[in-house]
1. Taking residue B:89 and the conditions (1) away from chain A (no Cβ under 14 Å); (2) without any contact (Cβ under 8 Å) to a residue 60 or more places away in the chain; (3) in a loop (DSSP other than H, G, I, E, B); (4) among the small types (Gly, Ala, Ser), which numbered condition does it fall short on, given that it satisfies the others?
2. As an exercise: evaluate residue C:161 against (1) free of Cβ contacts under 8 Å to residues at least 60 places away in the same chain; (2) touching a Lys or Arg at 6+ places or on another chain (Cβ under 8 Å); (3) facing chain D (nearest Cβ under 10 Å) and give the number of the one condition it does not meet.
3. Can you confirm whether residue D:75 is part of a loop (DSSP other than H, G, I, E, B), within 14 Å of chain C (Cβ to nearest Cβ) and at negative phi?
4. Test of understanding: among B:143, B:119, B:86, which residue is more than 20 Å from residue A:198 (Cβ to Cβ), touching a Cys at 6+ places or on another chain (Cβ under 8 Å) and aliphatic (A, V, I, L, M)?
5. Quick check: anything in the stretch B:209-229 within 7 Å of chain C (Cβ to nearest Cβ) and among the hydrophobic types (A, V, I, L, M, F, W, C)?
6. Is it true that some residue in the stretch D:24-32 is more than 12 Å from chain C (Cβ to nearest Cβ), free of Cβ contacts under 8 Å to residues at least 12 places away in the same chain and more than 20 Å from residue D:91 (Cβ to Cβ)?
7. Might you check whether a residue that is more than 26 Å from residue A:226 (Cβ to Cβ) and out of contact with any Ser or Thr (no Cβ under 8 Å at 6 or more places or on another chain) occurs anywhere in the stretch B:9-17?
8. Check whether at least one residue in the stretch A:186-203 is farther than 17 Å from residue B:24 by Cβ and away from every other protein chain (no Cβ under 11 Å), and report yes or no.
4 protein chains.
Amino acid sequence: MDLTDLKAAVCEANLDTVRTGLVMATFGNASGIDRNSGLVAIKPSGVPYDTMSPQDMVTVRLDGALVDNHYKPSSDLDTHLLLYRAFDGIGSVVHTHSTFATIFAQAMVPIPCFGTTHADYFRGTVPVTRHLTETEIRDSYVASTGQAIIDSFTDLDPMEIPAALVAGHGPFVWGRTPAEAAMNAHILEECARMAWYSMQLRPDLQSLPTALRDRHFLRKHGQAATYGQEEPA
Amino acid sequence: MDLTDLKAAVCEANLDTVRTGLVMATFGNASGIDRNSGLVAIKPSGVPYDTMSPQDMVTVRLDGALVDNHYKPSSDLDTHLLLYRAFDGIGSVVHTHSTFATIFAQAMVPIPCFGTTHADYFRGTVPVTRHLTETEIRDSYVASTGQAIIDSFTDLDPMEIPAALVAGHGPFVWGRTPAEAAMNAHILEECARMAWYSMQLRPDLQSLPTALRDRHFLRKHGQAATYGQEEPA
Amino acid sequence: MDLTDLKAAVCEANLDTVRTGLVMATFGNASGIDRNSGLVAIKPSGVPYDTMSPQDMVTVRLDGALVDNHYKPSSDLDTHLLLYRAFDGIGSVVHTHSTFATIFAQAMVPIPCFGTTHADYFRGTVPVTRHLTETEIRDSYVASTGQAIIDSFTDLDPMEIPAALVAGHGPFVWGRTPAEAAMNAHILEECARMAWYSMQLRPDLQSLPTALRDRHFLRKHGQAATYGQEEPA
Amino acid sequence: MDLTDLKAAVCEANLDTVRTGLVMATFGNASGIDRNSGLVAIKPSGVPYDTMSPQDMVTVRLDGALVDNHYKPSSDLDTHLLLYRAFDGIGSVVHTHSTFATIFAQAMVPIPCFGTTHADYFRGTVPVTRHLTETEIRDSYVASTGQAIIDSFTDLDPMEIPAALVAGHGPFVWGRTPAEAAMNAHILEECARMAWYSMQLRPDLQSLPTALRDRHFLRKHGQAATYGQEEPA
């Protein structure tokens, strides 16, 4: 993907989070990476969504060096970069303050897999990070946020659970492409909403049986996926 | 109804579920049957709603044999076919992941008839299916989902309760026509929403008295219906 | 107000309930009365809102006799007529199944006056009717619904509390004009919503102090009203 | 800022509260002050939002004297004036009955800082005022409302917590400009919504750690702010 296409896809993912109601004001940010060149395109900091265009996206290298500098990059840049360096398979990161995912993040409650809507996109519970230490907050807040996400995936596959809730903050979501990451952010919000209401309706509710969960996840993901119109050649 | 009209009505029912907010992404599917020819038209699998047109609907026979094969049919096809074979009076099936109906399905809580809004369309509690066995999930997931719905109607009339909640998954709804099935799906979601809030407001709430429930159901359904402008000849 | 104007105002009140999200499908109905002629205009039964026009409104006398008969009147006509006969000051009745007012009606919980939003329009708790007897449901359902509303106002002034919740059914709301009744229905829904969430947040919440409640109600209603631009001459 | 610009900015802030869903009917009001001239522009009382234009804004002096008198000013004028006199740094006041902020006001529950969304705009708990006495309600209701807000800031900095909940009534929000005050009202509503759901999900939830709260507040406010594109010269 050349840089022009990457910026267009990243801009579109940013705008998609607005269209699906996941962000208000200037909250949230989406980025994408071209793994060949190692270039990352990311939303600029604090720029209004209604006038945002692909050329406003800021380009940086994977080590954080600015490639162009018309705008300052999103203040969450370092979190994105740590995720790209730690999770090889991902091509995009989307951060929102979407209402229900943020509620779980604030309450530090992981989102269990209660139904097939969740299982179609997330193969199990979406984790919450630990709280950062005061030192981390003072000295390396944004990078430590990324590290806390990575720490919460020690026993999880980020390609199977493409999201984490940052304690007290909100969701970071990823995918192979900006469009997929934005879609995952949208689905996560709906799953969080349904989980909240399910837990109130039945406080003793257990996660979906593993067989049913995997039946749904695997029909949409991996070698044996059968959903949709794209046939293996 | 000829095949062109059937496909148009089925496409419209699919789009109606989007307009009324019952589906997001590519979730959900609607089908319809022409009882004379035995042909079923159903949404294709994983095709975006915003470019969907009547000719995209996939035609199959009641035994599942494909009549045309431009697209793959919805992955839930076998569930629809079992319902058409078991419930003689129905002409359409609509499946959604609409928020509140799915919440009850996830929590495996049937939706009681708490008010006349519910009673106008559903003559009693909307049931939840049993969970499928691991063998059913592995060997015949979609057909077994249909069978579980049918099993939950042993003592119920599917023309009086035109919906079931599949445990851990979401609602399947039906009607005599695609328009009616889509309407029933819309009403079910609103009744599920109101039931959830009613149960929180008053955890000991009982179902509507039978006399009041039947007064409402029967004024809109059956021989003695009086609602609306259509007079018996 | 001549009949043409009355029908236009009643049609507008019906459409207003759709615009403000209080009705779905063909639920709900609004009527208005010209007290000079004794003529009532009301929504026809089961007619879609999106093609509704003033000339579709059905005209009846206060005793229920049809004046024109292009359409059948709303199936709730008799409830409206009883209210006009019992409550001299009202010029319009609006019935909806709006979500939160219906939730309180289903749960048979009156809506307390918890805040000034409520007090600006309703001088105290909005009552719930008794349940009808089986005989009433069978023999005179719609008229008995009106009578149950009237019975719940034995100690209340319908000009100060312009709404009642019919048990298991939904709200009936009124006002001096169709526009005012539609507005009251809209405000009632928002007050019901806020009451529901307030009661969950603080189960022991008490009604607003009487002095504050009356300060708000009386600045908008009665001889000494000061709100808005209309100055006494 | 000259008077024409002030009226335009105040009108826009009023309309913004409608666009962001914070007000219904004629509820709510926004004002702004030009600190050089001491002139305040405020929404007229009870005028519909859909025809409101900048020249409809009413101009008064800080002591309440009317400068122009085409319309009566908002009935909440005296509350606004007290806030301008007590809080030197503010340039605009916005009052709404937005759903969740009003729910906390009705329940007299302060809104804790549970997450970074809140901390980005409010450096701690948003307070609730005391209830007014019957004498205050009778003799000086609107001014006493302002005084109760001021009393709740004895130990708080109004530039760090730019909002208060008036008990039984709703939120008053402020900012340096009308646009900022309207934005703060919008953010407050979203924070109140998320707080409500967070408290139900986890009744024992504590406020955000102070270090994390201040990290977020101070990156957007004060001398050392780093967020957005405006660089210190």
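1. Status for residue B:89: all satisfied but (2).
2. (3)
3. Against the criterion (part of a loop (DSSP other than H, G, I, E, B), within 14 Å of chain C (Cβ to nearest Cβ) and at negative phi), residue D:75 qualifies.
4. Just a single option satisfies the conditions, and that option is B:119.
5. Yes: one or more hits.
6. Within the stretch D:24-32, none of the residues are more than 12 Å from chain C (Cβ to nearest Cβ), free of Cβ contacts under 8 Å to residues at least 12 places away in the same chain and more than 20 Å from residue D:91 (Cβ to Cβ).
7. For the stretch B:9-17, residues more than 26 Å from residue A:226 (Cβ to Cβ) and out of contact with any Ser or Thr (no Cβ under 8 Å at 6 or more places or on another chain): present.
8. No, every residue in the stretch A:186-203 fails to be farther than 17 Å from residue B:24 by Cβ and away from every other protein chain (no Cβ under 11 Å).
The values are calculated or read from the model by the stated rules, or taken from the named source; none is laboratory data. In this text, all values refer to a predicted model and were calculated from it rather than measured experimentally. Here the Cβ is made from the backbone with ideal geometry for all residues, glycine too, and neighbour counts use every protein chain on show.
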